[in-house]
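Rule-based calculations on the coordinates, nothing more; no lab input. Quick caveat, the model's predicted, so the values are computed rather than measured. Reconstructed Cβ throughout: ideal geometry from the backbone, glycine too, with neighbour counts over all protein chains shown.
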Amino acid sequence: MSKNNTMPLDGNRIERMFWLITARPGLVVVVALCALVFMASGIPRLVKDTSADAFIAADNPAVVYRDRVKQVFGLDDPFVIAAIASDGRTIYTAERLALVQNLTSAIGRMDNIDPDRVTSLATESNIVGTADGMDVTEFYELGDDSQTTGQAIAAAIDDFPLYQGSIVGRDGGATLIVAEVLDDKRSQATYDDLLALVAATDIPDGVEVHVAGEAAVSGYLGTYIDRDATRLNPLSALAITLVLVLAFRTLAGGVLPNLVVAATAAGALGVMGIAGVSFFVITNGLLPILIGIAVADSIHILSEYYALAGRFPEASRRQHVVAAMSRMCRPITLTTVTTVAGFVGLWLGAEMPPMKYFGAFAALGVIVAWVYSLTLLPAALTLLPLGSSPVFVRHRSDRFAALMQRFGAVVMARPRAVVATLAVVAVIGAAGASRLVVEEAQIENFQKDEPIYLADTALNRAFDGTNYLDVIVETPGREGLFEPDVLRRIEALQAFGETLPGVRGSTSVVDYIKQMHRAVNENDPAAYTVPDDAFLIAQLFLLYSTSGDPTDFEEEVDYDYQRANVRFNLNTSFYRNNREVIASFEQYIAEQFNSDGAVAHLSGRVFVNHHWLKTIGDNHFRSLAISLALVWLMAAAVFHSFAAGAFALIPVVLSILLIYAVMGFGGIWLGVGTSMFAAIAIGLGIDFSIHTIDRMRELAREGEGTLASRLAPLFPTTGRALFFNFFAIGLGFLVLTTSEVPPLVKFGALVGVAVTAAFFGAMALMPTLTILLRPRFIVDAGAGAAMPGGRAVTWTSACAFVVLVGALGWSDVARSENATASVAEGQRVMRAVVARDEGDWVTRRLLMRMIDRNGTARERDTVSYRRYFGDEKRTVIFYTAPANVKDTGFLTYDYADADKDDDQWLYLPALRKVRRISASDRGDYFLGTDFTYEDIKKENKIALEDYQLDKVGERDVGGRQLAVVEGIPVNEEIAQELGYGRVRWHVDETIAISRLTEIWDVNGNPLKTLTVSEISKIDGIWTVERIEVDNHKTGHRTEFEFSAIDYRSEVAERMFRTSTLKRGAR
Amino acid sequence: MKDLHRALVLFAVSMSVSVSALELDTIGEFRVAAGLEDEVAALAEAVIAPSVSGWLGESVFFKAGVRARADFADELEPGRPGNDFRARFSQRVTAGSIVDIELRNFYVDVEFDDHVLRLGKQQIVWGEADGLKVLDVVNPQSFREFILPDFDDSRIPLWTANLELALGSDTNLQLLWVPDNTYHDLPDPGARFALASPLLLPAAPAGVAVQLLSPRRPSRVVADSDAGFRLSTFRGGWELSLNYFYHYDDAPVLRTSTRNRGVVITPEYQRTHLAGGSFNYATGAYVVRGELGYSSRRAVRRQHHDQVPGVYNTGELAWVLGLDYDGVRDTFISGQLFQSVATAHRPGTMRDKLESNLSLLVRRDFRNETINAELLAIHGLNDNDGVLQFSVDYVLRSNLTVTAGVDLFYGDRDGLFGQFDRQDRLTLGIEVGF
């Protein structure tokens, strides 16, 4: 600020920019608000994803294998409903058994529950020996009447070890109903439905009914988040407005920053919605952070504005605004750049998708806050009839400025004491860091008095445990499981597993074999063994299938008796315990189990969770290192000095060390919620350093007297603004500590500690170190060392633009790892489809009809040509009617080489321009149809390398037996590109065409169904003449009708040039 | 003119007799625009554009189309629309002050082997940049709505011989001969988008009368014709072109002289060589593309002290670098940087030595492309001015589209875009195809 009495305006580029913005304030406000509304329109599209799977990349081998296991054995994360006797009796009384039966059938009828996958005493069967062999009878059919049934079941379970601890508690005091959902994403609603069902059921005295299980945990977490968000958001707004009113004591001061906050939140969350990124558990933490940052920018600008308005009352409001903006533009831009660097570090360093997205969208939000602070705020300040702030008119008597001044005086008088104190903090922090523990358990996300937590505890006490570790045993060929040696090894594996900590029981096909073996030996307990004879084992299975339901084993063996699932129940989900269990299993399997006859792999929820949890520590330290490096580089760049960059990091490093101390000594785990605090603390904390250094450079340059006296004005001016900045962010995180999600509470508290440390580090340590060390980048910062403002802003905006466009794209970059799986049948069927003869060339007319959900139809006539150039397929489509789309053209070169991206061009007659389009948008819908570019290009074929294929069975469709092949994109990147998470083809193998194709989106929801309704043989080639697509999400439908199909007339090579595309249809 | 029309009608009739299958397409359009500053109708235009096309035998294709337009607001070309900038055989037919009719397409394609010769009135599009042009100089442009309409509507078709030779399967050589002395159609003073920026037009001192004379257009059909070539190829994912065009710059040189204490401005035209090339490459969700062009002679305006401003010639190197991004479903984002350097820049020149513009295009489709929203922003870094065009199309029926949009200019009144700061407008339109 200049010392004379005229407004400090000198007509530089930055000022010119703000004159421009304030010249048409109405327009700027309207455009800004429109953009806000546009961004906010994405918010309703946000989908919550509270599943543990969200934390692991979908192409992680552990997940890919688990998904294959799911397909084979149909295992999914289930809901577990337990009826537990609380009066010390058993559950075998008539009314209690009736309860189980009623609940089982009611649950089977519920929406989103797979009726074939509800398991309880009421659905299972008993295996007993009879005079002529073996009898398989449903438990509920035992006994003569309701009284004796209970006793009979009790006796049968006593005699059937398999069910002890899994379906019925080992003491008979509890029983389970296990229900699998059809769609994981709807777990939340299903959980609510289940609770409602239980509440509406007449439960006999002395019985408690609990709802738990992995699906319930995921489902309930959704409810939890909902409740949290509706509570936290108004609280944040209130807290911030309070800080603002306190800071400025004007209405505008309270309201305007809220607009910037709204835009920031809309920007980050809206774009998340538009980009199709889910709202994860930890996304709850994003909002308070963005709010804090957005408010901080506003506070600095408003402080300057009111200070100038108080000081130069004679100048116009627009002059105040322009002067304040040009003064604050630089520091705000600098803090934005460094904060973005911090979040980009998180994005780059983290492997877990929710954390990556957290970093990316926090960075985006910070940029939005910056843009709105520099545009909307000055425009609105110019537009509104504002008074001056009473605080700044009587600036000297403002108690916050005075407080900061006193703080400054104390600190500056004892520089060595300050440095020594903070050095001690650093040492304690380092000691704390060495005590950090990586630990996580999803159930611990809930408070201990929550019903779900209580249910989980009760279930793990009454049964063998609700956490599953699966061991998949694979034999080389069909019926490999009939080998007694393999079964004995499985038996030994189970015995070994049950000795491990937390493992309370296990289930496998061996348990059934032993039960059946004993049954056919007149229930002789000595025969509860694996038979020595493979033939006998085969006989036992056959015998069972004739007397019981053959699908009873589908969770334990596959259809061909080639693969078996051994399921271990663990009563704890704590990472550190299960890490030991998994290590023991891996060692045992490698050293004692695997052989030529059978190999085993680990899978199941516990194993998958272990896979991502083990990366938490690495993730944390890597993103911390990357964030620190990026912030250091950014700070060095903005101050033109590497030393300055390092200096700026001091308060940040201090705050991180302090947090380590709190965690290490306070017994707080480094878990999902807490592992991100460091990158966030850097992003937020660096602001204090940048503002402080920037101001100190200015003061050191301009003032007179000793360095200490020159730096003194730092405290009442920048210090005051930073104090409110700290206050706002602090309050934001204080709000987070009122969350019901315990990790968020810890997270909020930790970041609060970090921000406090960073504030005091910047305000106390940086000035004292400056006095002690007299760093050149502050003391010698001449006028020439300052950044040329206008250019800086131009380039920063250009960089921000590049970062934005880049960020959108980069997030798709994913690692591809091929899952290893045998898929011979699926491959064979689809290979035949791909190899189907299509002729060397073809010409045909195509009528496209697009019908929206209201029945309004649009039609397009087209003519298309296709020709093979060796392996390369070129296709061109021209629109011929109606007139307003005529001559629109699409040309594609589809290369046989899978590694080579296809090339494609679109010609839009309104622009007369052939536009090259990238091949990665192959999942985009083709010109308003429900076919994607890929569908159009492939014409009822696929790229084999895109999918893991598996023949899952056969199905009768319209009197034809069709091979059903399921394809799952080989990795997340391909899935995102295709827009498909799963595809199921119903292939007519006689003509190698899929007559019916069902497609699911990347989130597993039904997306569309393609039906080929007319096929005929033309010129000796089987040809689709009519195909319809129904989009289940939009209700939109597309029909394609082909006519005038001609395989005989050669299509000229020149048809496939971009110059032909320009010339249009003929 | 009458002879020409008679000939055209005869030709059309004779062709329709010999043609096997005729295709007749018509597009009708009605557009209104309201000025946001002056709140008057800036445009109230009805357009009908019928065209006919078909095959004459196996290898000859023809197309003919006219555009008849009536602008009831009469703000864009007040009074009878002029033909000053057009060659005699490319002139529009006008009726009163509001109607003009123009032949938009009139050509035959003769196909032989893989080659095509297109003869007649047509548009040639070089370059792919949005909003501003580097290589797209073959056809002149009508500036009656500045650069707001689609280029397809504002580009003026020329009588051209256009031979496209296929050299191998992925290489093309295009040879052009343009014996049509039609140049940029610039609105008269008093028109809504009359050019006023001192970058383009001399400003006389206050009180001095300015007289703008009719342009001195070259008129010799052969000696003053334009010619050039474009060699394009597609190799390893790269699409590359080399372009050369020897032509009259479509923008007039405004020579000024003093006469009777007033200033007289005479638009003249001068020849230049344009040499350049373009590339594009698709990788992942991105397409990068660029164009570079060097013009040997460009007239730039210079401000003399206390004197009538003059012009001098300089070479100009211009380029555009663009990045298109397709990674978000149903959304297309494209950013471009345009720059041009006056190679022989002298002090006191109205334009800067380096001129830079940024553009951003965001397009998003909704509901199976029945709704399309588009934002095009162009920002001039030298004058801090620019234009924002935002529009939304809604496809009501197969052949019926309604459009609403807003065009906003901002910045210094002396800037290229800022000169129209007061011409912000809201547009509504409906388009029907038959």
Exercise for the section: Give me the compactness ratio for region A:274-379, meaning the Cα radius of gyration over 2.2 N^0.38 Å. Expected result: 1.29
Exercise for the section: Give me the percent of Cα-Cα pairs in region A:943-1047 that sit more than 22 Å apart, rounded to a whole number. Expected result: 38
Handout entry: Fully extended contour minus Cα-Cα distance, from A:D485 to A:N521, at 0.36 nm per residue
Key = 10.9 nm
Problem - Sequence of A:S689, B:S225 once ranked by neighbouring C-beta atoms within 10 Å, starting from the fewest - result: B:S225, A:S689
Handout entry: DSSP-loop trypsin sites (Lys or Arg not before Pro) across region A:898-961, with at most 16 other Cβ within 10 angstrom
Key = A:K900
Exercise for the section: Give me the lysines in straight-line cross-link reach of B:K353: C-alpha distance below 21 Å, same-chain residues under 8 apart excluded. Expected result: B:K133
Practice task
Ignore the peptide's own chain and count Cβ atoms of other chains within 10 Å of each Cβ in A:510-519; give me the average, rounded.
Solution key: 0
Completion exercise
For region A:93-151, shape from the Cα gyration tensor axes a ≥ b ≥ c, cut at a/c of 1.5 then a/b versus b/c, turns out oblate
Problem - Volume per residue that the Cα convex hull of region A:420-467 spans, once the total is divided by residue count, Å³ - result: 111
Completion exercise
Mean Cβ-within-10 Å packing, highest first, puts peptides B:154-162, A:670-678 in the order A:670-678, B:154-162
Fill in the blank from the handout: Candidate cut points under chymotrypsin sites (Phe, Trp or Tyr not before Pro) in region B:91-134, DSSP loop plus at most 16 other Cβ atoms within 10 Å of their own Cβ, are none
Practice task
Compute the distance in nm between two label points, each set 7 Å from the Cα along the Cα-to-Cβ direction, one at A:T737 and one at A:T457.
Solution key: 2.5
Fill in the blank from the handout: Ranked on Cβ counts within 10 Å of their own Cβ, fewest leading, B:T171, A:T175 go B:T171, A:T175
Exercise for the section: List, in the order given, every pair from A:K913/B:K121; A:K70/A:K448; A:K356/A:K937 whose Cα-Cα distance in the structure shown is over 27 Å. Expected result: A:K70/A:K448; A:K356/A:K937
Practice task
Against the globular-protein guess of 2.2 N^0.38 Å, express the Cα radius of gyration of region B:181-222 as a ratio, rounded to two decimals.
Solution key: 1.46
Problem - Between helix A:575-588 and chain A: long-axis angle, C-alpha atoms, 0 to 90°, nearest 10 - result: 40
Handout entry: With Cα atoms, 0 to 90° folded angle of helix A:214-248 axis to chain A main axis
Key = 10
Problem - Diffusion coefficient, µm² s⁻¹, Stokes-Einstein with Kirkwood Rh over alpha-carbon pairs of the protein assembly as shown at 20 °C and 1.002 mPa s - result: 58
Handout entry: Cross-link partners of A:K941 among lysines (Cα-Cα below 20 Å; sequence separation of 8 or more within a chain)
Key = A:K873, A:K900, A:K951, A:K1008, A:K1017
Handout entry: Diffusion coefficient, µm² s⁻¹, Stokes-Einstein with Kirkwood Rh over alpha-carbon pairs of region A:406-501 at 20 °C and 1.002 mPa s
Key = 106
Handout entry: Efficiency of FRET from Cβ geometry, A:R955 and A:N1005, R₀ 22 Å, rounded to 0.05
Key = 0.55
Exercise for the section: Please report Rg over Rh for region A:590-629, where both radii come from the alpha carbon positions and Rh follows the Kirkwood definition. Expected result: 1.31
Completion exercise
Computed over region A:55-200, the Cα gyration tensor eigenvalues, each multiplied by 5 and square-rooted, give semi-axes in Å (largest first) of 30, 20, 14
Practice task
With only alpha-carbon atoms counted, please give the Rg and Dmax of region B:105-173, in Å.
Solution key: 14.1, 42
Practice task
Against the globular-protein guess of 2.2 N^0.38 Å, express the Cα radius of gyration of region B:307-360 as a ratio, rounded to two decimals.
Solution key: 1.68
Fill in the blank from the handout: region A:860-900: spread of alpha-carbon positions along the three principal axes, whole Å, largest first, is 38, 17, 11
Practice task
Could you state, as a whole-number percent, how many of the C-alpha pairs of region B:97-235 are farther apart than 28 Å?
Solution key: 32
Handout entry: In region B:341-380, trypsin sites (Lys or Arg not before Pro) in a DSSP loop with at most 16 other beta-carbon atoms within 10 Å
Key = B:K353, B:R367
Problem - Those aspartates and glutamates that a straight Cα-Cα span of less than 18 Å connects to B:K63, excepting residues fewer than 8 apart in one chain - result: A:D887, B:E23, B:D25, B:E102, B:D109, B:E111, B:D152, B:D153, B:E164
Problem - Sorted by Cβ density within 10 Å, fewest first, the residues A:E1053, B:E29 - result: A:E1053, B:E29
Handout entry: Mean shadow area of chain B over all directions, Cα convex hull, nm²
Key = 22.7
Exercise for the section: Using only Cα atoms, tell me the angle between helix A:286-311 and the longest principal axis of chain A; keep it within 0 to 90° and round to the nearest 10. Expected result: 10
Completion exercise
Along region A:439-455, Karplus-curve 3J(HN,Hα) (6.51, -1.76, 1.60; θ = phi - 60°) to the nearest Hz, with x for Gly and Pro, reads 7, 7, 8, 4, 5, 6, 5, 9, 5, 6, 9, 6, x, 5, 5, 4, 4
Practice task
Let me know the mean shielding of B:320-330 by other chains, meaning the per-residue number of their Cβ atoms within 10 Å of its Cβ.
Solution key: 6
Exercise for the section: Quote the charge dipole size of chain A about the Cα centre in Debye, to the nearest 20; the model charges only the Cβ of Lys and Arg (+1) and of Asp and Glu (-1). Expected result: 8460
Exercise for the section: Using only the alpha-carbon atoms of region B:246-289, report the extent along each of the three principal axes, biggest first, to the nearest angstrom. Expected result: 65, 23, 9
